[in-house]
Amino acid sequence: MSADPVGVARSSVARADLSARPGPALPRWVWPWLLLLPTFVAIGAVAFWPILEGLRLSFTNTSLITRQSDFVGFDNYAGLLSDSRFWNAWGHTVWFTFASTVLETLIGLGMALVLYERFPCRGLVRAAMLVPWAMPTVVTSKMFGWLFDGQNGVVNWILLQLGLIDAKVNWYGDPDTALTTLIIADVWKTAPFMALLLLTGLQTIPKSLTEAARMDGARPWTVFWSIRLPLLMPTLLIAGLFRALDAFRVFDLVYVLIGGGPADSTETLSTLAYKELFSTLEFGYGSTVSTAMFLTEAVLAGILCLWLVRTIRRVT
């Protein structure tokens, strides 16, 4: 008995309709997270996983010298609290961060105020201002190594000619001046970056406010202190936050220029962690130093962010 061709055709069309019918649609809020998923995976692979792995290693005595990797709990952290090298590096890092951030903010603010005004070749000066910041840190380190050389440095020659010193100063060989010289090098390199950020903040302040104050007879200092500075404070704090977090993990400038010497007078947490991890191959203790550095920076970021939020609320 032959099949009905019309029925066969109808059943085929019905099956085709069922197979072509789309499944249940995903909610609209799911699609942005799906599109961001590759970014989250990449960030987790290069950022969060190393942090977690470093935290895990800090609870072990992993060493490539002794070939050990046993869980020791908080023994590394207990040893860290009594380690004079760690506290020496911690103090140097905090002082370097504070001094360089304050100086770069003040100098950058002065540069931004000058570059905000109109004068001939202002665009050229603004472009030239960024040259120190754009230079690689290795180049800056070598350049300042020649400038502050204890025997043939230009700085010693200038100071001798001006009569400010009686004998040549061993800038990097003296523990009393080595860290100060590093701060000077960092300020020279990074102050233009702060000036660029603050100049952007100055340009967002309505000119009508300053013009009205000048028409009322306000002096330039009064205009700056009463109008520009309060409105610039959020930008000032954001720039200071970025710079402080960057200065706290300084490594290349110290390592290339002086390597933490002399007598550990310029040792920072980054250089100490590097030496423990890659020189002595003590991965457990080196990870403990890195974790302590990360926690200190997190606390610093939290304090600055809280201060920033309160300042923005007060201004707005």
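The values are calculated or read from the model by the stated rules, or taken from the named source; none is laboratory data. No experiment lies behind these values; they were computed from the predicted model shown. Glycine also receives a Cβ, built like all others from the backbone with ideal geometry; neighbour counts cover every protein chain displayed. The protein model used for the area step is the full one, side chains on, heavy atoms only, and it has no ligands, DNA or RNA in it. Shrake-Rupley method; radii C 1.70, N 1.55, O 1.52, S 1.80 Å.
Things to note:
- Selected from Q161, Q203, Q68 as most flexible by GNM, with the chain as the system and alpha-carbon contacts under 10 Å: Q161
- Relative contact order [Cα under 8 Å, 6+ residues apart], segment 168-295, whole percent: 25
- Listed residues P234, P262, P50, most fluctuating in the chain (Gaussian network, C-alpha, under 10 Å): P50
- Longest exposed-site-free window of the chain, the sites being trypsin sites (Lys or Arg not before Pro) in a DSSP loop that have at most 12 other C-beta atoms within 10 Å: 119-316
- Sequence-distant residues sharing a close amide H with T60 (under 5 Å, placed H): V72
- Largest accessible area first, the listed residues C121, C305 line up as C121, C305 when surface is computed with a 1.4 Å probe on the assembled protein chains.
- S208 contributes about 80 Å² of solvent-accessible surface, heavy atoms of the protein only, 1.4 Å probe.
- The chain: relative contact order as a whole-number percent, Cα under 8 Å and 6+ apart: 27
- Surrounding net charge for V223, when Lys and Arg each add one and Asp and Glu each subtract one, Cβ distance under 12 Å: +2
- MRE, 222 nm, helices only [DSSP H, n ≥ 4, -39500 (n - 2.57), over the chain, to nearest 500]: -21500 deg cm²/dmol
- C-alpha center-to-center spacing [segment 160-223, segment 26-62] in angstrom: 40
- Counted by Cβ distance under 15 Å from F283, the other residues give a net charge of -2, where Lys and Arg count +1 and Asp and Glu count -1.
- Its alpha carbons give the chain an Rg and a Dmax of 29.5, 121 Å.
- Highest-MSF residue in the chain out of D166, D174, D186 [GNM, Cα springs under 10 Å]: D166
- Segment 162-312 shape via C-alpha gyration tensor axes, a/c threshold 1.5: oblate
- Lys-Lys pairs in the chain that are eight or more residues apart or on separate chains and whose Cα atoms lie under 28 Å of each other come to 5.
- Sum of side-chain charges, W307 neighbourhood, beta-carbon under 14 Å (Lys, Arg +1; Asp, Glu -1): +3
- Residue order for F278, F283 - accessible surface, 1.4 angstrom probe, largest first: F278, F283
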